[in-house]
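A quick write-up on the structure given underneath.
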Amino acid sequence: MPNKGDHNILVIEDNPGDFALVEEFLLEQIEAPIISHAQDYKAAKEILAHRDHPFDIILLDLSLPDKTGLPLIQEVIEIALNASVIVLTGYADFEFGVKSLSIGVSDYILKEEITSLSLYKSIVYSTERKKIISALEISEMRARSFAKQLNNVLEEERARIAREIHDEFGQQLSGLKMSLTSLKKNEGVRSDVAPIIDVIVADVNTSIQSLRQIANELRPVLIDKLGLFAAIEWLVSEFEKKTGISSRIYVDIDQPVINKMLEINIFRICQEALTNITKHAEATMVNFRIENNTQILTIRIIDNGKGIKASTLHNPLSMGLLNMRERANLIGAEINITSSFDKGTVIELIVSTNGKENINSRRSFSN
Ligand SMILES: Nc1ncnc2c1ncn2[C@@H]1O[C@H](COP(=O)(O)OP(=O)(O)OP(=O)(O)O)[C@@H](O)[C@H]1O
Ligand SMILES: [Mg+2]
């Protein structure tokens, strides 16, 4: 009894005998399948370009008159869109089979072993797997978009708190300082009170400095005033002052015009990298390079510290490292963190500044 279900199948097969067999197997197992036939790659491309309904499955013979082997698989996968590609071949080359699976083929079946049931099973598994993968992709997309929104809200909130601290408390403390200074100048004030007022003014000054520092860490004013490069230069000089770690920074003269969210995420990644060096690296030197080349910004932060263990580097619970990767992902950048024991750590961030290209999908992660 044939099975029901939507099965829109394209068979790419040049051998008429093999096609007839495959068609017979399909009709045996599936009730009213929609079968299209292409005898070579060119015809398949034509059919795929002009199809009315998307195909669920493509059954692909590996040796066509106009294309064969891996190049054929790669091209078919590229034009297959949502269809699962099942390779039918006469060769029992195990390594080739594994390789074809790794580049996106759903299954690899030897023609001599094929039965109507094994073909049907492969079709069902492939379509079900495709459904699960699509659901996972949608769910990942939702999670990423939620993370992006959360990140934006967080940064806006930080900026708001920084403004509040700076404008409200900062103004109040400055007012207090002015009142104390005029109180000291007042002729009626006892002479032994004046030194006490000086101490209070000094305390107020320290508080103003601390507030500025907190506000700046929440939202570096320099980013908004002078842009990313100046903010990073400030970050590195603060880092050197605080830690005493000798720091060299090279910054390209050309500063790209990029949006605030991109700037703030790049800044946060650099901030986390330097905080990690302060906390963990035991480094004596840091090299910071920012290069801006043909709409690609490359930032390298190199320390000569003790390095990050491979297990830590790939540990999903390393929240700081995870955050750096997530932020890079949010802005479509590539981040490579390479480290080896006692040889220091290199963090490389590659960002497209033209606002279009997603480097993340163009290049693969190296760690
Ligand atoms: N530059 C570095 N040199 C040496 N070890 C590092 C460096 N950066 C990170 N590590 C190691 O990797 C671990 C994970 O770093 P991560 O930033 O994820 O977490 P954390 O800094 O310990 O905590 P958090 O960032 O969440 O406050 C650190 O605990 C440390 O052992
Ligand atoms: Mg950290």
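Figures for the structure shown
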read-out	value
Qualifying position, being free of Cβ contacts under 8 Å to residues at least 24 places away in the same chain and away from ligand 1 (no atom under 11 Å from the Cβ), among 299, 253	253
Out of 347, 308, 301, 337, sole residue that is within 14 Å of ligand 2 (Cβ to nearest atom) and outside any strand (DSSP E or B)	308
Helices (runs of 4 or more DSSP H) contained entirely in segment 189-260, each with at least 2 residues that are over 24 Å from residue 171 (Cβ atoms) and either in contact with a Ser or Thr (Cβ under 6 Å, 6 or more places away or on another chain) or not acidic (Asp, Glu) (or both)	194-218, 228-243
Check on residue 324, part of a helix (DSSP H, G or I), closer than 29 Å to residue 140 by Cα and at pLDDT 90 or above	yes
Sole exception among (1) surrounded by 15 or more Cβ atoms within 10 Å (Cβ to Cβ); (2) closer than 26 Å to residue 147 by Cα for residue 303, by number	(2)
Selection count where residues are modelled with pLDDT of 95 or more, more than 16 Å from ligand 2 (Cβ to nearest atom) and among the polar types (S, T, N, Q), scope segment 264-294	2
Residue count, segment 157-167 (criterion: of a type outside the set (A, V, I, L, M), farther than 13 Å from residue 212 by Cβ and surrounded by 13 or more Cβ atoms within 10 Å (Cβ to Cβ))	2
Given (1) in the same structural domain as residue 56 (by TED's automatic domain parsing); (2) loosely packed, with under 11 Cβ neighbours inside 10 Å, number of the condition residue 100 does not satisfy	(2)
Pair list, Cβ < 9 Å and 6+ apart or interchain, from segment 192-206 residues that are surrounded by 13 or more Cβ atoms within 10 Å (Cβ to Cβ) to residues that are outside any helix (DSSP H, G or I)	197/189
Segment 13-35, residues that are closer than 22 Å to residue 128 by Cβ and not in a loop (DSSP other than H, G, I, E, B)	22, 25, 26, 27, 28, 29, 30, 34, 35
Of all residues making up segment 306-351, the number that are at positive phi and buried (at least 17 other Cβ atoms within 10 Å of the Cβ)	3
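The values are calculated or read from the model by the stated rules, or taken from the named source; none is laboratory data. Not measured: the values here are computed from a predicted model. Cβ coordinates were reconstructed from backbone atoms using ideal geometry, including for glycine residues, and neighbour counts include every protein chain displayed.
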